[in-house]
């Protein structure tokens, strides 16, 4: 039944649905916190030992353990952990010696910028490819798009990154190499948004903009390829569902042009489910950026996470896991809610 | 009566004949799908390579020969040599064993775990269902790779821990599928009949519910294999999975990273192996779905 915003019952039902969602989202976040807390506890590294050093006496060790609150029951420790996280306290990173929350705020825009360009590429190419495949079902064009999409599930992202660097940077020289911008241009424009492309436009510095773009285009295109694979596959299957319906036959019998049948009649009803798919792949890109950023030395959250992993810097690892997890869950649930609100058949 | 007639008999005389006939029909349907056949051949090739690695590989995967470092592919070393003079082809061949071990172990750990949790939740319903699925959904909405990374960070790098971490992130999807399947026949007559005879809940779940979930599980596990291979290779690439000198494909790519601009073959060759095997599982999974799960055929 559609939600009728004009009646009181309809609005009440809408509120109830939203409350249900809020509860699920809160529980999921709590689950995420429980997982990171658990991981923090099962680490073989003793957090007390890491602070006092291994030459401390037993008394010093015990005093520090009490000072860090590690003598309390686990459930109380968890409650104070949740409290800390809500206040934005993720602890201090051992390797950068800064607050993890500050580190994350600094590196996040770089990831956001790359993932956003990636999803634009993925949607811009993936949707038309999926529609084309469905419209030409069973032909070589369909098979070709299918194999290309399956490659997106089979090629390791880090391998594609390396091969891309060797080919387009080293051999052909079409793009710039690893990093976000040449050292020469580093820090030339003031960070306003943290998104280098936007900042350089704001500063009207086209040289920096061109340089940043030439660094960004390859990793973003590779990320985009992986979302393209998923989006094209899903678009194709949604379109096939629609093209088999009787209203499509009616439209064709009426003499509507094939282009109009496909892009207007059949495409209209799949826009809503596509939003969910695009949301899911955007969230997936944040995850996929871990590998790509490592290969391209891209100073984003994925690179931060892997560097922290190699240094056994657990505060930073857990903080980055928490933020990526939270953004991932946030995008997932938002696209879920959007789907329910936009599709009158659901709820 | 020929063997074929016996297999295709419309009224089989024994359970064995019925099962054999079903597998025969499925096999025929799979053979009509060229991509599925290609996928099955690739996986057979992987298994054969893993089993016969010592006979296929011309050299030892760990034997160093420092006088022939970083040689390009030639007739003597088909894929060239790496920075310690080891034959890359031999290492890729032995790497098939590691990859096969990883996917098999993850499947053996994650699939039964998800199957039991899903079947129990779907069969009992009520608060058991709510509790188990709430737990499953929380795990399902986490980013898999990140979760696996964090688990490996906590457990320590190494191939065993990588397998555990991947399995921990893989089971929720199977629980969801098993539950969905179980709910469709939970209140059907044959379950009521077994109940009436006095079978215990454990017996019903184990002998009557689980077997009916198997076909969709097999499809899903096959389709997931590519993702598992990529995650394992990714962990190896980051130095968190298999440790040197193990010839794991992801770790080999990682070692070749330094030489990518001049000696491209060191990092590139193991990548082709990963792509080939992953594609094989994708092709076979797609084909199996069309045969075993006609409801989903042609979708996604």
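Summary of computed values
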quantity: All-pairs Cα distance distribution in chain B, expressed in whole percent, bin size 20 Å; calculated: 28, 50, 20, 2
quantity: Relative intensity, log₁₀ I(q)/I(0), of the range A:8-86 from a Debye sum that treats every alpha carbon as a point, q = 0.11, 0.24 Å⁻¹; calculated: -0.47, -1.12
quantity: Whole-angstrom Cα spans of the range A:196-347 along principal axes, big to small; calculated: 65, 40, 26
quantity: Highest-MSF residue in chain A out of A:326, A:220, A:316 [GNM, Cα springs under 10 Å]; calculated: A:326
quantity: For A:298, B:55, order by how many other beta-carbon atoms lie within 10 Å, fewest first; calculated: B:55, A:298
quantity: Label-point separation, residue A:9 to residue B:130 (7 Å along Cα→Cβ), nm; calculated: 2.5 nm
quantity: Mean separation of Cα contacts under 8 Å, 6 or more apart, over the residue count of chain B: relative contact order %; calculated: 23 percent
quantity: Relative exposure of B:237, A:21, A:225, judged by other C-beta atoms within 10 Å (fewest first); calculated: A:21, A:225, B:237
quantity: Mean ellipticity per residue at 222 nm, deg cm²/dmol - from DSSP H runs of n ≥ 4 across the protein assembly as shown, formula -39500 (n - 2.57); calculated: -23500 deg cm²/dmol
quantity: Cα-based Rg and Dmax for the range A:57-102, where Dmax is the largest Cα-Cα distance (Å); calculated: 12.8, 35
quantity: Amide N of the range B:257-295 lying under 17 Å from the label point, which is placed 7 angstrom from the Cα of residue B:84 along Cα→Cβ; calculated: B:257-259, B:266-267, B:270
quantity: Principal-axis tilt of helix B:265-292 within chain B, Cα atoms, nearest 10 degrees; calculated: 10 degrees
quantity: Angle between chain B longest axis and helix B:144-155 axis [Cα atoms, degrees, rounded to 10]; calculated: 70 degrees
quantity: Overall Cα dimensions of the range B:1-141, principal axis frame, Å, largest first; calculated: 67, 54, 23
quantity: Per-peptide average of other Cβ atoms within 10 Å, ordering B:130-143, B:247-260, A:232-245 highest first; calculated: B:247-260, A:232-245, B:130-143
quantity: Pair-distance profile P(r), taking every C-alpha pair of the range B:180-300, with 10 angstrom steps and integer %; calculated: 12, 27, 21, 19, 12, 7, 2, 0
quantity: Range of Cα positions in the range B:75-172 per principal axis (Å), largest first; calculated: 65, 25, 18
quantity: Whole-Å semi-axes of the protein assembly as shown's equivalent ellipsoid (Cα gyration tensor); calculated: 39, 33, 31
quantity: Convex hull (Cα only) mean projected area of the range A:115-272, reported in nm² to one decimal; calculated: 12.0 nm²
quantity: Residue order, fewest to most surrounding Cβ atoms within 10 angstrom, among B:224, B:129; calculated: B:129, B:224
quantity: 0 to 90° range, to nearest 10: angle between helix A:271-296 axis and chain A longest Cα axis; calculated: 40 degrees
quantity: Computed log₁₀ I(q)/I(0) - Debye formula, equal Cα scatterers, no solvent, chain A, q 0.08, 0.14 Å⁻¹; calculated: -0.54, -1.23
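FYI, it's all coordinate maths here, none of it is from the lab. Predicted, not measured: the structure shown is a model, and the values here were computed from it. A quick note on method: Cβ atoms are made from the backbone with ideal geometry, for glycine too, and the neighbour counts reach across all protein chains shown.
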